[in-house]
Ligand SMILES: NC(=O)c1ccc[n+]([C@@H]2O[C@H](COP(=O)([O-])OP(=O)(O)OC[C@H]3O[C@@H](n4cnc5c(N)ncnc54)[C@H](O)[C@@H]3O)[C@@H](O)[C@H]2O)c1
């Protein structure tokens, strides 16, 4: 089958660790272009990853009839002009999160995609856009959700479980609660992440990941109410309630350390607790016979063969003990990555183009996460719980 021809727009830090390695390794993709307004960055990436064409103007890419899709990993504020031009040129679009920083920019993107020219890829009904809200595609998250759904559909309980036989369950006892704990080391970010024009702060830049994860996890329930607290640009908390009664609580601290994994997920379900530790191990409690699952890392060049959380910590400490200098200096030469779903998202997007099926994370999902992030910021500023009106997350845009 003919490979899809792709172009990378934005050759900064993220693209070096994920986009270039993932696209050049994908058997169904020919990565033809490296594009960056910093021509030297595009040139260096092209040389490192064997990409034949280089430009500092994304219109060169969009004029190339061979290009089937573009991958955008620029700063956020330039998504709109690039996506509008790409959709007009009939190119499919794989865009980094957040889709945009404002409601209006999201609306413009949705309109551009829905009005896009018939793509060059034969057999496609329209332009496809995929937002890289990759956590939903991580193998550990897919397994966590399946185990949660299985427990709800066929509840299993330990024989010694305390059972109240004198009453029926109360309504709240039927609800699930998802806790997402993020501890991050903010010294690792450039201040660009906090720039109101190009970064927007951590709720817009990062927490869209977990807002999307919660919406995907609890779908088809819809979010109906949001409460947030803390700083709208750094440490914060968000409580998101869904119309079926389930909810998600996110706590994000920027004053943590990379010496311990950043992300922990726990969900309760009818006298069970399901936990995922940093994409490498899932544990299930209160469910008889349920065994822990481990997940391979996306990239690891050392010699420890075991998998799981304790093995991950061993691998991590082996790595830091070998690093005399700042860890960042080793990122390019010896990648060390847990599997957060980037490759699975790319693969699902390629399949959606080939088979003309829905995008794995379309423009509406991208918009919803931005809408919720903006509402969280409003909630912090107003010190109030805010509704998520259904008409706001189902905009009529043609
Ligand atoms: N999905 C994830 O887990 C994840 C993780 C990290 C970063 N990201 C996203 O990746 C994106 C890039 O982040 P980064 O850390 O690589 O930033 P970066 O600043 O290192 O890179 C951005 C690059 O885009 C280039 N650029 C800006 N405007 C351009 C334009 N008009 N045309 C071509 N190139 C242009 C810049 O010159 C720069 O080289 C951000 O949107 C960020 O949110 C996603």
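Every number in this text was worked out from the coordinates using simple rules, so none of it is lab data. All values derive from a computational prediction rather than experimental measurement. All Cβ positions, glycine included, derive from the backbone under ideal geometry; neighbour counts span all protein chains shown.
Spacing of the modelled spin labels on residue 351 and residue 321, each 7 Å from Cα toward Cβ, amounts to 4.0 nm. Here the Kirkwood formula puts the hydrodynamic radius of the range 253-381 at 18.0 Å, using every distinct Cα pair. Size of the range 192-325: Rg and Dmax of its alpha carbons, in Å, are 17.7, 51. With both labels modelled 7 Å from their Cα along Cα-to-Cβ, the residue 332 to residue 264 distance reads 3.5 nm.
Assuming R0 = 45 Å, what is the FRET efficiency of residue 107 and residue 47, from their Cβ-Cβ distance, to the nearest 0.05?
That gives a FRET efficiency of 0.70.
Determine, from the Cβ-Cβ distance of residue 158 and residue 383 and an R0 of 45 Å, the FRET efficiency 1/(1 + (r/R0)^6), rounded to the nearest 0.05. So, using R0 = 45 Å, E works out to roughly 0.60. Rounded to the nearest whole angstrom, the semi-axes of the ellipsoid equivalent to the range 79-235, taken from the Cα gyration tensor as √(5λ), stand at 37, 23, 14, largest first.
Grab the alpha carbons of the range 4-132, take their convex hull, and tell me the volume per residue in Å³.
Numbers: hull volume 11.5 nm³, N = 129.
Looking at the range 4-132, the number lands at 89 Å³ per residue.
The length gained on full extension between residue 59 and residue 306, counted as 0.36 nm times the residue separation minus their Cα-Cα distance, comes to 84.2 nm. Taking 62, 197, 211 as the candidate residues, the one with maximal mean-square fluctuation in a Gaussian network model of the chain, Cα springs under 10 Å, is 197. Each part gets one Cα centre, and for the range 71-113 versus the range 1-58 those centres are 18 Å apart. Most simply put, the chain has about 55% antiparallel DSSP beta bridges, counting only bridges with both residues inside it. When the chain is treated as a GNM with alpha-carbon contacts under 10 Å, the residue of 356, 60, 212 showing the greatest mean-square fluctuation is 60. When the helices in the chain are scored as -39500 (n - 2.57) per DSSP H run of 4 or longer and the sum is shared across all residues, what 222 nm value do you end up with, to the nearest 500 deg cm²/dmol? Helix-only estimate at 222 nm: -9000 deg cm²/dmol. Taking other C-beta atoms within 10 Å as the exposure proxy, 284, 162 rank 162, 284 from fewest upward. Measure nothing fancy, just the Cα-based angle from helix 79-88's long axis to the longest principal axis of the chain, in degrees from 0 to 90, nearest 10. The helix 79-88 is inclined about 60 degrees to the chain.
Write down the Kirkwood hydrodynamic radius of the chain, to one decimal in angstroms, obtained as one divided by the mean of 1/r over all alpha carbon pairs.
Hydrodynamic radius (Kirkwood, Cα pairs) of the chain is 22.3 Å.
When 202, 281 are arranged by Cβ crowding within 10 Å, least crowded first, meaning fewest neighbours, the order is 281, 202. Applying 1/(1 + (r/R0)^6) with r as the Cβ-Cβ distance of residue 38 and residue 291 and R0 = 51 angstrom yields a FRET efficiency of 0.55.
What does the highest-first list of 255-267, 146-158 look like by mean Cβ count within 10 Å? Present the calculation step by step, with values, prior to reporting the outcome.
Values: 255-267: 16.3, 146-158: 14.4.
Listed from highest to lowest mean packing, they are 255-267, 146-158.
Note on the range 126-212: Cα-only Rg and Dmax are 19.9, 59 Å.
If packing is taken as the average number of other Cβ atoms within 10 Å across a peptide's residues, how do 357-365, 43-51 rank, most packed first?
On the way: 357-365: 19.8, 43-51: 17.3.
Averaged packing, sorted descending, gives the order 357-365, 43-51.
Listed from fewest to most Cβ neighbours within 10 Å, the set 130, 11 follows the order 130, 11. With everything on Cα atoms, drop me the angle between helix 363-382 and the longest principal axis of the chain, reported from 0 to 90° to the nearest 10. The answer is roughly 60 degrees.
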